[in-house]
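Have a look at the structure below before the remarks.
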Amino acid sequence: MITIQDVLSPRTESKCSRLRGAKVGSTICQYCAVGCSQLAFFQGNTLVDIEGDPRSQVNQGRLCPKGGSTYALVDNPYRITKPMYRAPGSDKWQEVTLDWILDEVAKRIWDSRAKGFIEKDETGLTVNQVPNIGFIGGSANDNEECYLFRKLFTGGLGLMPVENSARYCHSTTVAALSPTFGFGACTNPPRDLLNSDCIVIMGSNMAEAHPVAFYWPMQAKKKGAVTIHIDPRYTRTSASCDHHVHIRPATDIAFISAIIKYILDNDLWFHEYVLNYTNAATLINPGFNFDQITGMFNGWNPETNSYSLEPDSWDYQYEINSDGTKGKPKTDPTLQDPNCVFQLLKKQVEKYTPEAAADTCGCRPADIIKVAELMARNSGRDKTTAFCYATGFTQHSDGTQIIRSVAILQLLLGNIGRPGGGILALRGHSNVQGATDIPTLFAALPNYIPMPEAKPGNATLKDNLANGHAFCDARDKSKGMWKLETERGSWAALPNYMISLLKAWYGDGATKENEYGYQHLPKLPGDESLTITMQRALEGKVDGLIVFGQNIAVTNPNTGWSRDAIRNLKWLVVCDMFENETASVWYADPDAPDPSKCKTEVFLLPTNALIEKDGSANNTERLMQWHDRVKEAPGDSRSDAWWIYQLGLRFKKMAEKSMLPRDEGMRALTWNYGVAPNTVNVMGLPAVEGDADIDAVALEMNGVNLETNLPIQSSAELKSDGTTICGCRLLAGFINKEGNNLMKRREPGEVDHELDLTYRVSWPTNTRILYNRCSADPKGKPWSENKKLIWWDELQKKWVG
């Protein structure tokens, strides 16, 4: 059993090391989404070192150069530790008190909201929108902070533009994988690459961008796995892999499509898997077609830039039940019908011969054939191939289509839901997965519940639930296969999810009589993404931005345009550890006008490092990891949760005082997270005055049965009668029935298939490999002993593994 003391070598123990006798606290790295666990060492109250935690199943004590520099990030002379204010036209910052800056920020937000609030749109539909204020939350904020952001700014105030950096980095992953598989997330943990027979890395420089995760493919290589890197550049990843294929930038789809065609033409696909676990045999409406010359599907509407014409032609063909309703989709198990998905796929990739694709990609036809053969030979009953990608895919304008192509390829080879297979989306920021799950993204409520659009079909809660999850994306709002989601599949339980969320947000103020507070939610008028918000700011249509943990003056595309937009705001709130370029855009930009001409009021809130606050983050493999507050923050630095909680308390008072109808949602919003007096944490640190109880926030996210007062154990326990609350349905169960937070499990247990189910917890319901039913054949038997994961036990009459 690995212990926390393993970080101390015998040499360290015998010498007068600074770690001898040190007090140890547990945290996680706040850089990338690999999610390495760390140990912080203290002599008295002084931080002396930060090391990797050897107990971690993610990093086993290793840290990359970024993680190794965490000490310098925390103990940094450039940190701001006092609230700072810059008046309109001023050429300097001035220090202010916590109460002053909170009161002033709350007043700016409240006044701008009053000015921009829209109760009804031009059709008379209740929309309760606030389009003139934007919130931007970083992907390094904790889960609990993201939840409070979304609850307060959307559920309480009605802000429409609520965004984070995932919009630019990994939103294409969700758009591709969610409709393909069910979840828009990484299917297998990086550690599972030890079980791979072949590993393809494309759209990623994994060795340098995710070096700790890259340890696993290198270990797999030692065991005999074939490693392939496909990239325009020759990098350290290329040098470390067995094969490197050079392709031109932005030719990924051509390369992947050529592999798909080669596998189909040479009958290298996993027949039994594809027939039973994909929709390859399903029949599509005969009107559906694809034009090889234009690259367009039928139904394209050039006026709306969408496939809004001929919506029925995109539908399945269905069996018709005796009562006239649609039954199961029609299938052709022989895969010969020209309208089955399998034949349509063959037609779509028809032109991607190795020669044609090589001409596009700038490689040799032999390179494409080599990759296809290596993947095919290392896939099937006895072998699996894994595919890893990062922002080299996602930040392309066609990133969704690239990832979708990889998903199709991995399904054809039978690599989804199996050890050593899958698609690994290597995310960047430490909690970009959690910030997407919760999310701070404009089009979704927590855990991918669609944000209601300003459409008649969402006028009431009853309408919204009757139309179902896919209504917002439907090409035809009156009929179509999207409607079937209200009858079958996991989204048929949308009423349970939505009402439990509304009960979590509005508590006793959410009753059946008032639609559980549904009308408090703003209704989306259209695209409220970050780019659109910045353009509207440039046009003078946005009064203020609230920016937590993201440096939009640097990270937004076209930084000059973004900075001009920021300088056109009436006010700006920035919460960060440092005075970044966003906060200093009024003077530090070399292209900026004289500060006297910039009338933007700026409020700079000093925030905490990860080791200075409690909370959790979801890493790239969906592993939910808790970090403790192990160090006092310097000066007046406060956690993002503290700032939001205190602002929320002020908004509650303002709403109670106003008694206006537009403030009803804020009055109903539950916001009782205060820390109990004299609370001391595991490190012996007293609670910060005025802080939010992060454990209480976590419990609300997990969900509670109001009749039994027990934590919800899975989304299957949620109800639509108002007797359950749940802020995050997918995460439900991370707090067990005994009230123990499983994210805090840091001691490793027995490892099977390189998967330790007792270390931390992952969503959903501690599933480490998604879609793992596919790891067994239709009769429940493992495809092979070598790739055994779960199977049906006939004696116990249950799944085991």
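The values are calculated or read from the model by the stated rules, or taken from the named source; none is laboratory data. This is a predicted model, so every value here is computed, not measured. Note: ideal-geometry Cβ built from the backbone for every residue, glycine included; neighbour counts use all protein chains shown. Surface accessibility is based on the protein's heavy atoms, side chains included, excluding ligands, DNA and RNA. Shrake-Rupley method; radii C 1.70, N 1.55, O 1.52, S 1.80 Å.
Some notes on this structure:
- Restricting Asp367, Asp312 to those that are within 18 Å of Val406 (Cα to Cα) and acidic (Asp, Glu) reduces the list to Asp367.
- Residue match in the range 351-362 (condition: farther than 19 Å from Asn266 by Cα and in a loop (DSSP other than H, G, I, E, B)): yes
- Pairs, first without any contact (Cβ under 8 Å) to a residue 24 or more places away in the chain and at positive phi in the range 126-155, second outside any loop (DSSP other than H, G, I, E, B) and surrounded by fewer than 24 Cβ atoms within 10 Å (Cβ to Cβ), C-beta under 9 Å, six or more apart: none
Results for (1) in contact (Cβ under 8 Å) with a residue 60 or more places away in the chain; (2) assigned to a loop (DSSP other than H, G, I, E, B); (3) more than 21 Å from Ala281 (Cα to Cα); (4) hydroxyl-bearing (Ser, Thr, Tyr), shown as yes or no for each residue.
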| position | (1), (2), (3), (4) |
| --- | --- |
| Gly299 | yes, yes, yes, no |
| Thr304 | no, yes, yes, yes |
| Ser308 | yes, yes, yes, yes |
| Glu319 | no, no, no, no |
| Gly324 | no, yes, yes, no |
| Gly327 | no, no, no, no |
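- The residue that is nearest to Lys653 (Cα to Cα), among those in the range 84-122 that are of a type in the set (Gly, Ala, Ser) and in contact with a helix residue (DSSP H, G or I) (Cβ under 9 Å, 6 or more places away or on another chain), is Ala106.
- Applying the condition of being aromatic (Phe, Trp, Tyr) and loosely packed, with under 14 Cβ neighbours inside 10 Å to the range 77-103 and asking which residue is farthest from Ala609 (Cα to Cα) yields Trp100.
- Residue, surrounded by the most Cβ atoms within 10 Å (Cβ to Cβ), within the range 341-383, restricted to residues that are out of contact with any helix residue (DSSP H, G or I) (no Cβ under 6 Å at 6 or more places or on another chain) and of a type in the set (Ser, Thr, Tyr): Ser379
- The number of residues in the range 545-555 that are in a loop (DSSP other than H, G, I, E, B) and crowded, with 24+ Cβ neighbours inside 10 Å comes to 2.
- Residue among Arg536, Arg563 that is among the basic types (Lys, Arg) and more than 17 Å from Asn132 (Cα to Cα): Arg563
- So Phe255, is it of a type outside the set (A, V, I, L, M), open to solvent by less than 10 Å² (accessible area, probe 1.4 Å) and either in contact with a Leu (Cβ under 9 Å, 6 or more places away or on another chain) or modelled with pLDDT of 95 or more (or both): yes
- Only one of the numbered conditions (1) modelled with pLDDT of 90 or more; (2) open to solvent by 30 Å² or more (accessible area, probe 1.4 Å) is not met by Leu502, and that is (2).
- Residue within the range 375-393 that is within 22 Å of Gly224 (Cβ to Cβ), among the charged types (D, E, K, R) and not in a loop (DSSP other than H, G, I, E, B) present: yes
- Test: Val74 is at pLDDT 80 or above, surrounded by 14 or more Cβ atoms within 10 Å (Cβ to Cβ) and not hydroxyl-bearing (Ser, Thr, Tyr): yes
One line per residue, one yes/no per condition, for (1) under 23 Å from the mean Cα position of the chain (by Cα); (2) without any contact (Cβ under 8 Å) to a residue 60 or more places away in the chain; (3) closer than 21 Å to Trp626 by Cα:
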{"site": "Asp756", "(1), (2), (3)": "yes, no, yes"}
{"site": "Leu770", "(1), (2), (3)": "yes, no, no"}
{"site": "Cys774", "(1), (2), (3)": "no, no, no"}
{"site": "Asp777", "(1), (2), (3)": "no, no, no"}
{"site": "Lys781", "(1), (2), (3)": "no, yes, no"}
{"site": "Lys797", "(1), (2), (3)": "no, yes, no"}
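- Test for Val697: is it open to solvent by 20 Å² or more (accessible area, probe 1.4 Å) and β-branched (Val, Ile, Thr): no
- Test: residue in the range 522-544 that is of a type in the set (Lys, Arg), in a helix (DSSP H, G or I) and either surrounded by fewer than 21 Cβ atoms within 10 Å (Cβ to Cβ) or more than 27 Å from the chain's Cα centre (by Cα) (or both): yes
- The range 651-663: number of residues that are over 18 Å from Lys115 (Cβ atoms) and surrounded by 14 or more Cβ atoms within 10 Å (Cβ to Cβ): 1
- The criterion of being part of a strand (DSSP E or B) and either without any contact (Cβ under 8 Å) to a residue 40 or more places away in the chain or within 28 Å of the chain's Cα centre (by Cα) (or both) does not hold for Gly61.
- Any hit, the range 405-426, residues being outside any helix (DSSP H, G or I), farther than 30 Å from Arg150 by Cα and polar (S, T, N, Q): yes
- Hits in the range 759-801 (condition: assigned to a strand (DSSP E or B), touching a helix residue (DSSP H, G or I) at 6+ places or on another chain (Cβ under 8 Å) and either on the phi > 0 side of the Ramachandran plot or open to solvent by less than 20 Å² (accessible area, probe 1.4 Å) (or both)): Val761
- Top-ranked residue in the range 267-303 [being β-branched (Val, Ile, Thr) and modelled with pLDDT of 90 or more; ranked as surrounded by the most Cβ atoms within 10 Å (Cβ to Cβ)]: Ile284
- Evaluating Met1 against the criteria (1) at pLDDT 85 or above; (2) out of contact with any strand residue (DSSP E or B) (no Cβ under 6 Å at 6 or more places or on another chain) leaves one unmet condition, (1).
- Residue match in the range 244-265 (condition: touching a Lys or Arg at 6+ places or on another chain (Cβ under 9 Å) and without any contact (Cβ under 8 Å) to a residue 12 or more places away in the chain): yes
- Considering the range 136-243, the qualifying helices (runs of 4 or more DSSP H), each wholly inside and each with 3 or more residues that are among the small types (Gly, Ala, Ser) and open to solvent by 10 Å² or more (accessible area, probe 1.4 Å), run over 171-181.
- In the range 118-135, the residues that are surrounded by 19 or more Cβ atoms within 10 Å (Cβ to Cβ) and not in a strand (DSSP E or B): Pro131, Asn132
- Test for Asp476: is it open to solvent by 20 Å² or more (accessible area, probe 1.4 Å) and at pLDDT 90 or above: no
Condition check ((1) under 30 Å from Asn568 (Cβ atoms); (2) open to solvent by 20 Å² or more (accessible area, probe 1.4 Å); (3) at pLDDT 95 or above) across all residues:
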residue: Thr600; (1), (2), (3): yes, no, yes
residue: Lys613; (1), (2), (3): no, no, yes
residue: Arg638; (1), (2), (3): yes, yes, yes
residue: Gly648; (1), (2), (3): yes, no, yes
residue: Tyr673; (1), (2), (3): no, no, yes
residue: Val682; (1), (2), (3): no, yes, no
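- When restricted to residues that are in a helix (DSSP H, G or I), surrounded by fewer than 18 Cβ atoms within 10 Å (Cβ to Cβ) and touching a residue at least 12 places away in the same chain (Cβ under 8 Å), the range 556-594 contains 2.
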